[in-house]
Amino acid sequence: MRITAGERRGKTLKAPEGLNTRPTSDRARQAVFNILNHAGWRNGDIIDSALVLDVFAGTGAMGLEALSQGAAHAVFVERDPAAVAACTENITSMKYTEKTLLLKADALKPAQRPPAVEPRTLVFLDPPYGKGMAAEALKAYAARGWLAPGAICVMEMAKKQLEPAVEGFIQHDERAYGVALVRFLEWEG
């Protein structure tokens, strides 16, 4: 697994052993970022100077990819100890410790956004498939003040176990990659 573009292109990412973490493939991640970089449904750059929230972060690949491509800051949320260790190692090896915050927390029970952390403009959610967790987490983060109005949210799920629609979000696009389906949403805020 590698960073696919930007200033850290080609850097290798560590992943924890076992099946608890299911990183998004390099190919699917690259496709998601191509869509974000060329979104016809959005005026302006989505990634450049973005404030990222990577929920169910796992290795941190999505947030780190965004930083490599010009995002300003990323908050990672992960509770699995092995994934937290891998994400920490990846942040350090990419030399992004000054641009990141890693929260060891339950993604479904977020704390209120701290005043020192600006609302996020780009959100990635890649929870365990088939449990409806992405939609639930997205609602919780919106309610706790984590999302800036107009935030773009990228939600990954299993093609055979779709997440429900989330009130207050406009769906702009939807793409399938292998067993995964990715939705591109915008928070009306």
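The values are calculated or read from the model by the stated rules, or taken from the named source; none is laboratory data. Just so it is clear, the structure is predicted and the values come from calculations on it, not from any experiment. No Cβ is skipped: glycine too gets one built from the backbone with ideal geometry, and neighbour counts run over all protein chains shown. What goes into the accessible areas is simple: the full protein's heavy atoms, side chains included, and nothing from ligands, DNA or RNA. Shrake-Rupley method; radii C 1.70, N 1.55, O 1.52, S 1.80 Å.
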remark   = Residue-ordered couplings for the range 108-118, obtained by feeding phi - 60° into the Karplus form 6.51 cos²θ - 1.76 cosθ + 1.60 and rounding to whole Hz (Gly and Pro as x), are 8, 10, x, 6, 4, 4, x, x, 6, 9, 5
query = Nearest 0.05, what FRET efficiency do N43 and K139 give at R0 = 35 Å with Cβ-Cβ as r?
reply = 0.85
task = Provide the gained length on full extension for the span L101 to I170, in nm with one decimal, where the gain is 0.36 nm per separating residue minus the Cα-Cα distance.
result = 22.1 nm
message = Just the number please: accessible area per residue for the range 60-189, 1.4 Å probe, all protein chains included, in Å².
response = 45 Å²
key: Residue pairs, from the table K14/K95; K139/K159; K14/K159, whose Cα atoms sit over 23 Å apart   = K14/K159
ask   = Based on the Kirkwood radius over alpha-carbon pairs, what is the Stokes-Einstein translational diffusion coefficient of the range 110-186 at 4 °C with 1.567 mPa s viscosity, in µm²/s?
value = 101 µm²/s
query = Once a ≥ b ≥ c are taken as the square roots of the eigenvalues of the Cα gyration tensor of the range 1-77, is the result rounded (a/c under 1.5), prolate (a/b larger than b/c) or oblate (a/b not larger than b/c)?
reply = prolate
inquiry  = Could you work out [θ]222 nm for the chain from helices alone, using -39500 (n - 2.57) per DSSP H run of at least four and dividing by all its residues? Round to the nearest 500 deg cm²/dmol.
reply    = -7000 deg cm²/dmol
note = Label model pair A116, R27: point-to-point distance (7 angstrom along the Cα→beta-carbon line) in nm is 4.3 nm
query = What are the semi-axes of the equivalent ellipsoid for the range 33-189, taken as the square roots of 5 times the Cα gyration tensor eigenvalues, largest first, in whole Å?
reply = 21, 18, 16
note = In whole percent, the fraction of accessible protein surface over the chain that belongs to carbon or sulfur atoms, probe radius 1.4 Å, stands at 49 percent
message = Net charge within 12 Å of T12 by Cβ-Cβ distance, Lys/Arg positive one each and Asp/Glu negative one each, not counting T12 itself?
response = +3
inquiry  = Looking at the chain only, what percent of DSSP beta bridges run antiparallel? Nearest 5 please.
reply    = 45 percent
